[in-house]
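The block underneath contains the structure these notes are about, expressed in structure tokens.
The values are calculated or read from the model by the stated rules, or taken from the named source; none is laboratory data. Since we're looking at a predicted model, the values are computed, not measured. Note that we place each Cβ from the backbone using ideal geometry, even for glycine, and neighbour counts take in every protein chain shown.
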Amino acid sequence: MKIKVLGSSAGGGFPQWNCNCANCDGVRRGTVKAKRRTQSSIAISTNGEDWLLVNASPDLLAQIAANPELQPARHVRDTGIVGVLVMDAQIDHVTGLLMLRERDTPLPLYATAAVWQDLSTGFPIGPMLSHYCGVEHRPIALDDTPLELAALPRVRIDPLPLTSKAPPYSPHRDAPERGDNIGLIITNLDTGKRSFYAPGLGSMEPHVLAAMRTADLLLVDGTTWTDDEMIRLGFSKKTAADMGHLPQSGAGGMIEVLDSIDSEAKRRVRKVLIHINNTNPILIEDGSERRVLTEHGIEVAQDGMTFEL
């Protein structure tokens, strides 16, 4: 089983188009050691030809251009993308669905009931695509029933509900529903190896920690370094916690959580931060924050990374 990082940045990408923070300005000018990144998405395959897209970012066309596996190769018009699974209804995870409208057949779309409601009403991508290729909604149940996809033989995907808020345009924005945001346990049934994927992780609930402790690869929320990062830089009045993200540093932060996973695991666990905001200093490869992560055995995702499990 292969898991490929198509995009490793949070919403807006890196550099963000309208941001002049030290990170964005530095990468544009070439004065900092950092790589450009597109908005977060991964793809999963067992044969290297058929890929399940997990989240469809606004940068999807650039991601397809950068990854030949997803490009047409077998017919006059086709794609390596056999379906899309969306973990929430946030703009940076679903807007790319509109870029797939030229398909010849309805797009298989895996989504929870709460997310599908949002994509049918507040941000009506489903009805919009009905005028083009159409969407075949395949429900994600949150009753401990795993997903098994014909295109991913011998791969099991277990969705986990995460505490979160629906997007601002959601009809239930102020009344969160189970399934507004999910994490995924992705297991290769032949090797027994598994990954836990959660680009948006605001709190460490017991069932989330339990899932993380079973994983060989952790791809988890790397949005901000500190809880007050956006406030301190003058970009927002919200903390990371307010936005549904666990910062890396500080008591109870992601570094501390990942250290605890290490201490309990009896095997090597690969720990990778993904969904990294453009303001996060871990983007600077020779910076002090990156050195801290390295000391804790934590990696920073970049576009194009591929993991085999």
Give the residue that is modelled with the lowest pLDDT, with candidates limited to residues of the range 246-268 that are over 20 Å from Ala22 (Cβ atoms) and touching a strand residue (DSSP E or B) at 6+ places or on another chain (Cβ under 8 Å).
-> Asp262
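Each row is one residue, and each column tells you yes or no for (1) more than 25 Å from Thr38 (Cβ to Cβ); (2) in contact (Cβ under 8 Å) with a residue 40 or more places away in the chain.
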| position | (1), (2) |
| --- | --- |
| His245 | no, yes |
| Arg267 | yes, yes |
| Asn278 | no, yes |
| Leu283 | no, yes |
| Ser288 | yes, no |
Search the range 100-117 for residues that are more than 23 Å from Arg178 (Cβ to Cβ) and of a type outside the set (Gly, Ala, Ser) and pair each with any residue that is modelled with pLDDT under 95 and surrounded by fewer than 14 Cβ atoms within 10 Å (Cβ to Cβ) when their beta-carbon atoms are under 7 Å apart and the residues are at least 6 apart or on different chains.
-> Asp104/Arg77
Need at least 2 residues that are modelled with pLDDT of 95 or more, within 25 Å of Pro206 (Cβ to Cβ) and under 20 Å from the mean Cα position of the chain (by Cα) per element, so show me which strands (runs of 3 or more DSSP E) inside the range 102-174 make the cut, counting only ones lying wholly within it.
-> 155-161
Out of Leu152, Leu147, Leu160, sole residue that is closer than 20 Å to Arg213 by Cα and surrounded by 15 or more Cβ atoms within 10 Å (Cβ to Cβ) = Leu160
Does the range 203-225 contain at least one residue that is among the polar types (S, T, N, Q), under 25 Å from Cys24 (Cα atoms), surrounded by 19 or more Cβ atoms within 10 Å (Cβ to Cβ) and touching a helix residue (DSSP H, G or I) at 6+ places or on another chain (Cβ under 8 Å)?
-> yes
Do we have any residue at all in the range 223-243 that's out of contact with any Phe, Trp or Tyr (no Cβ under 8 Å at 6 or more places or on another chain) and on the phi > 0 side of the Ramachandran plot?
-> yes
